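Colleague: Have a look at this one before I ask anything.
Derivation of every value follows stated rules applied to the coordinates shown; laboratory data play no part. What you see is a predicted model, and the numbers here were worked out from it, not measured in a lab. Virtual Cβ from ideal backbone geometry, glycine too; neighbours counted across all protein chains shown.
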Amino acid sequence: MKHLPNPLRRHLAALRALAVLTVLLGLIYPLAATGLAQVLFHDNANGSAVRAGGRDVGSSLIGQSFTDADGRPVRKYFQSRPSAAGDGYDPTSTSASNLGPEDVIDVPPAGGEKGRQSLLTQVCARSRAAGELEGVSGARPYCTPDGVGAVLKVFPNRAVSVNQPCPATPFVAAYQGVRVECAKQGEDYAAGRTVPVRGNAPTPPAVPADAVTASGSGLDPHISPAYADLQAPRVAKERGLPLDRVRALIEQHTTGRILGFMGEPSVNVLELNLALDEG
Amino acid sequence: MGTTTAGMFFIASLIIALALAYRPLGDYMGRVYSSTTHSRPERLIYRLLGVHPEAEQSWGGYARALLAFSAVSVLAVYGLQRLQDRLPLSLGLPPVTDHIAWNTAISFVTNTNWQSYSGESTMGHLTQMAALAVQNFVSAAVGMSVAIALVRGFARARSGTVGNFWVDLVRGVLRVLLPIAFVGALVLVAGGLVQNLSAPHEVTTLTGGTQAVTGGPVASQEVIKELGTNGGGFYNVNSAHPFENAVPWTNWLQIFLILVIPFSLTRTFGRLVGQLRQGYAILAVMGVLALAGVLLTNVFELSGGATVPQAVGAAMEGKEVRFGVSNSATFGAATTLTSTGAVNSFHDSYTPFGGMMTMFNMMLGEVAPGGVGSGLYGMLVLAVITVFVAGLMVGRTPEYLGKKIRAREIKLASLYFLVTPVLVLVGTACAMGSAEQRASMLNTGPHGLSEILYAFTSASNNNGSAFAGLTVNTPWYDVALGLCMAFGRFVPIILVLALAGSLAAQSPVPESAGTLPTYRPQFVGMVVGVTLILVALTFLPALALGPIAEGLS
């Protein structure tokens, strides 16, 4: 070693250091942790599997879609939150929507390009659909009755309801004395001033917040107790169960805040649905 | 108890836990880096490396060893990704694309852990363990060693050396990070994190669909991801994934792990310079800025001010039910105040001002409390700038901890401060100047600018979190952000080590009536002020065009 030039010696030491540390930190450490975890916490370490009828049906930590092959909600099950992971609850392509808080204008399909619904319209559409499913009002602030974002593009003497393509009827007839038009295909409204219109929907809306938003992971296994309560009458009716029985099951599968202050109360949807199936 | 009250209890409990860990961990780290004895495994390692643990290095020798180690690391991480299909546990995944592999190698070696890839569909288990998780440990240990070298510069007198890089590296890993990580990994598994070597296995769901449940050595990587303020998630959605962050208390523990070393290092600093109160002063600066950052992020997120959160009724887009808005905001603040960059909720969907806070936290320069090691050395540089400013005001030669701040020291400190703003603003300008790069934005308008500004802020400050709507796995962004990460890490490190060398060589000046006391609340206030003014002057115009324009429209 002594006769090697300094830079070479230094890099050889670096290489050896990395090799030694890779064996220690990259192999021994994770494998030892795996071994011990498998012995001490076997179920957790392997993904908290949930079994029914003698087979794995998923993980209690990973949410699932309770929809049929066409994506329609299966009415006898409690529904999970909207998900941006793949086609919904796909653990091999986890994702959030990443849409911003002022993403309120839809991009209509044009010239072979697929359009894109704004986050606001997605929220409004989900709210409307959930309202219909549960038999309550799906109205929300900043949403039109037909379930898109209530947003105007305002020009000096023109106003356009930009998320309502013609021939839709705009959600308001006039804005500051100017007649509101529907959005014509191919017209560019980018230059107008964006004015979201709150409307007179009640706060809080009947459909809770978690029912109309996608989670961070796209795999959220929980819904809020409020969303579970909203769904209880439908599930009870569909299954011919007394409402009190369904509510008791919700109660059983609700986790409160840990130590009274960590996290938020949440209902595990897969476990709840499984309990219903098992009667 | 309401959401807000519970959220405040959550923050208070974290502060109490950090306060309890502060003295024992800070003192322990002080002993680790000043001890003169070597354990048996350490001696074996030094023999394998062919280095003499007693041989002290000049700042230049220290820097060269550090750079050699980092260069070798980049090559190894790159190689392991490119060859993963020929190695075991690849899960049948192909080699990682060249520009993504290069970006990821720089990203993990620089403690940034920016991810232009999606973990579950790109990296096999061996790549995660032997390439990425190894760098989670060693890049953190490198950061700590630089901080300790700077502290030695203050503590030593008429000395030509600042320590031995190999000894600091090995001790940081063996005596600090590894023991905590090992215990922490098992605790996290107890909370529900997975720790296995399985490939995804398919199950039939209740409604008859299929779902592939993923596996992996997650807990062992998760714990060091937080403890080493790295932030690179095993899966694409990072700590929002239930297998990475299963329950509210694992969320609490992860925030604790993120913050515990950066804060405790101020105690180590006080110990090593022989004046604990100097460490408390630096802690106070970090604490004030951090608490303000956490509370403001909470206020903005809980108030939900913007059209979509108003329509929803809460800023729940991109957040998990089990964590809720407040705990997510606290995590978001902690991860951006340190150079961690892990996320348990998606900053792109935060309210305009909540999102701005995550950016502002990074723009502080990752000093409150910052990354492991890098937070302490960044804050000490700001303290040096502060005594210089104060010295100008009263017309005296500035000094800090008995060392004169002369032209050479202040030049190094100023250059240190300038590196990241140059990278952030020039990088953002280049991206905005090209239609092709602008096309990577998911959102339009001011929010689109925020996505790009966030990306360059995150890369240059070695944070690694993202406004994740931006499509960054393109060759241009991989290269540009990779360069920002490399320059944003190693240029400041070289400047800090040079500063350490020049301080160590000085003889201490005795305290006089004209010496500015650097342990009083007055000094704490001045450092906070200098930090905020420097950041505001540098970044306010850019923020005004992005999140502020969005929030006020």
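Colleague: Rule-of-thumb check for the range B:132-287: C-alpha Rg over 2.2 N^0.38 Å?
Modeller: Taking the Cα Rg and dividing by 2.2 N^0.38 Å, one obtains 1.30.
Colleague: Please report, to two decimal places, log10 I(q)/I(0) for the range B:119-216 at q = 0.11, 0.13, 0.15 Å⁻¹ as given by the Debye formula with identical point scatterers on the Cα atoms and no solvent.
Modeller: -0.54, -0.66, -0.78
Colleague: How much net charge surrounds A:R140 when only the other residues with a Cβ under 12 Å from the Cβ of A:R140 are counted, with Lys and Arg +1 and Asp and Glu -1?
Modeller: +3
Colleague: Something else about it: Can you sort B:T457, B:T4, B:T266, B:T229 so the residue with the fewest Cβ neighbours within 10 Å comes first?
Modeller: B:T4, B:T266, B:T457, B:T229
Colleague: Same structure, new question: What's the exposure ranking of B:L67, B:L382, going from fewest to most Cβ atoms within 10 Å?
Modeller: Neighbour counts put them in this order, fewest first: B:L67, B:L382.
Colleague: On to the next question. I need the fraction of alpha carbon pairs in the range B:181-220 separated by more than 12 Å, rounded to a whole percent.
Modeller: Value for the range B:181-220: 63 percent of Cα pairs lie more than 12 Å apart.
Colleague: Let me ask something additional. With the radius of gyration and the Kirkwood radius both derived from the Cα set of the range B:271-414, what is their ratio Rg to Rh?
Modeller: 1.12
Colleague: Given the Cα-Cα distance of B:A407 and B:S35 and 0.36 nm per residue of separation, how much length would full extension add, in nm?
Modeller: This chain segment gains 130.6 nm when fully extended.
Colleague: If you project the alpha carbons of the range A:156-279 onto their three principal axes, what span does each projection cover, largest first, in Å?
Modeller: Its Cα atoms span 61, 36, 27 Å along the three principal axes.
Colleague: Mean 1/r over all different Cα pairs, inverted: what Kirkwood radius does the range A:97-239 give, in Å?
Modeller: By the Kirkwood definition, the hydrodynamic radius is 16.4 Å.
Colleague: For labels at A:A49 and A:R245 in the simple 7 Å Cα→Cβ model, what's the distance in nm?
Modeller: 3.1 nm
Colleague: Over the range B:1-99, with a single point scatterer placed on each C-alpha, what log10 of the ratio I(q)/I(0) does the Debye formula yield at q = 0.12, 0.17, 0.19, 0.21 1/Å?
Modeller: Result of the Debye calculation: -0.85, -0.93, -0.97, -1.06.
Colleague: Find the centroid of the Cα atoms in the range B:512-545 and in the range B:341-397, then give the distance between the two in whole Å.
Modeller: The range B:512-545 and the range B:341-397 have Cα centres separated by 10 Å.
Colleague: Given H placed 1.01 Å from N in the peptide plane, which residues other than close sequence neighbours of B:L470 have an amide H under 5 Å from its amide H?
Modeller: Under 5 Å from the amide H of B:L470: B:L442.
Colleague: Next question, about the same structure. Which whole number in µm²/s is D for the range B:159-227 by Stokes-Einstein, with the Kirkwood Rh taken over Cα pairs at 10 °C and 1.306 mPa s?
Modeller: 107 µm²/s
Colleague: So what J values fall out for the range B:410-426 if you push phi through Karplus, 6.51 cos²θ - 1.76 cosθ + 1.60 with θ = phi - 60°, rounded to Hz, Gly and Pro as x?
Modeller: Residue by residue, the range B:410-426 yields 6, 5, 4, 5, 5, 4, 3, 5, 6, 4, 5, x, 4, 4, 5, 6, 5 Hz.
Colleague: Calculate, axis by axis, the spread of Cα positions in the protein assembly as shown along the three principal axes, and write the results as whole Å, longest axis first.
Modeller: Taking the Cα atoms of the protein assembly as shown, the three principal extents are 82, 67, 51 Å.
Colleague: Which net charge results for the neighbourhood of B:R31, defined as the other residues with beta-carbon distances under 11 angstrom from its beta-carbon, given Lys and Arg at +1 and Asp and Glu at -1?
Modeller: Once positives and negatives cancel, what remains is +2.
Colleague: Now for a different question. Considering amide H positions built from the backbone, and no H for Pro or chain starts, which residues 5 or more places from B:S198, or on another chain, come under 5 Å of its amide H?
Modeller: B:G216
Colleague: Going by Cα centres, the range B:199-223 and the range A:181-232 are how many Å apart?
Modeller: Going from one Cα centre to the other spans 30 Å.
Colleague: Go ahead and run the numbers for FRET between B:V422 and A:H3, Cβ-Cβ distance against an R0 of 41 Å, rounding to 0.05.
Modeller: 0.45
Colleague: Enumerate the calculated ³J(HN,Hα) couplings along the range A:181-188 in order (Karplus 6.51 cos²θ - 1.76 cosθ + 1.60, θ = phi - 60°), each rounded to whole Hz, writing x wherever the residue is Gly or Pro.
Modeller: 9, 7, 7, 8, 4, x, 7, 9
Colleague: So, one more: Taking the convex hull of the alpha carbon atoms in the range B:333-474, what volume per residue do you get, in Å³?
Modeller: Normalising the Cα hull of the range B:333-474 by residue number yields 129 Å³.
Colleague: How far apart, in nanometres, would the label points at B:T444 and B:L44 be if each is projected 7 angstrom from Cα along the Cα-to-Cβ direction?
Modeller: According to this spin-label approximation, the distance is 6.3 nm.
Colleague: Please rank B:I11, B:I45, fewest neighbouring Cβ atoms within 10 Å first, as an exposure proxy.
Modeller: Going from least to most buried by this count: B:I11, B:I45.
Colleague: Can you give the log10 of the normalised intensity I(q)/I(0) at q = 0.16, 0.22, 0.28 Å⁻¹, computed with Debye over equal Cα scatterers of the range A:211-252?
Modeller: With no solvent term, the Cα-only Debye profile gives -0.47, -0.74, -0.94.
Colleague: Please list A:100-111, B:299-310, B:461-472 highest first by mean number of surrounding beta-carbon atoms within 10 Å per residue.
Modeller: Sorting A:100-111, B:299-310, B:461-472 by mean packing, highest first, produces B:461-472, B:299-310, A:100-111.
Colleague: A follow-up question, please. Given 20 °C and 1.002 mPa s, how large is the Stokes-Einstein diffusion coefficient of chain A in µm²/s, with Rh as the Kirkwood radius over Cα pairs?
Modeller: In µm²/s, the coefficient rounds to 94.
Colleague: Using the Cα atoms of the range B:89-164 to build a convex hull, what is its mean projected area in square nanometres?
Modeller: Here the figure is 6.2 nm², rounded to one decimal.
Colleague: Restricting everything to alpha-carbon atoms, can you work out Rg to Rh for chain B with a Kirkwood hydrodynamic radius?
Modeller: On the Cα set of chain B, Rg over Rh gives 0.96.
Colleague: Restricting to Cα atoms and excluding each atom paired with itself, what does the Kirkwood estimate give for the range B:227-337 in Å?
Modeller: Final number for the Kirkwood radius of the range B:227-337 is 15.6 Å.
Colleague: Any idea what % of Cα-Cα pairs in the range A:72-116 are farther than 14 Å?
Modeller: Value for the range A:72-116 (Cα pairs over 14 Å): 68 percent.
Colleague: Out of every Cα-Cα pair in the range B:53-128, what percent are more than 17 Å apart?
Modeller: Tail of the P(r) past 17 Å holds 50 percent of the pairs.
Colleague: So, in Å, what gap is there between the alpha-carbon centers of the range B:111-180 and the range B:406-422?
Modeller: 24 Å
Colleague: Here is a further query. Skipping prolines and chain starts, which residues have an amide H placed within reach, meaning under 5 Å, of the one on A:Y175, given they are 5 or more residues away or on another chain?
Modeller: A:V180
Colleague: On the first, second and third principal axes, largest extent first, how far apart are the outermost C-alpha atoms of the range B:47-192 in Å?
Modeller: Its Cα atoms span 57, 37, 29 Å along the three principal axes.
Colleague: Modelled label-to-label distance, A:A110 and A:R179, 7 Å Cα→beta-carbon offset: nm?
Modeller: Label at A:A110, label at A:R179, 2.4 nm between them.
Colleague: So for the range B:468-511, Kirkwood radius off the Cα pairs, Stokes-Einstein at 25 °C and 0.890 mPa s: how many µm² s⁻¹?
Modeller: Answer, rounded: 183 µm²/s.
Colleague: What is the P(r) of the range A:112-183, as percent of Cα-Cα pairs per 5 Å bin from 0?
Modeller: Taking all Cα pairs of the range A:112-183, the binned fractions are 4, 18, 22, 22, 17, 11, 5, 2, 0 percent.
Colleague: Moving on. Obtain the radius of gyration and the Kirkwood radius of the range A:5-102 from its C-alpha atoms and give Rg over Rh.
Modeller: Answer for the range A:5-102: 1.25.
Colleague: Can I ask one more? Send over the per residue convex hull volume for the range A:97-142, Cα only, as a whole number of Å³.
Modeller: About 93 Å³ per residue, rounded to a whole number.
Colleague: Report, in deg cm²/dmol and to the nearest 500, the calculated mean residue ellipticity at 222 nm for chain A, where each DSSP H run with n ≥ 4 adds -39500 (n - 2.57) and the sum is divided by the residue count.
Modeller: Taken over chain A, the calculation gives -9000 deg cm²/dmol.
Colleague: Return the inverse of the average 1/r over all pairs of distinct C-alpha atoms in the range B:414-553, which is the Kirkwood hydrodynamic radius, in Å to one decimal.
Modeller: Roughly 17.4 Å, rounded to one decimal.
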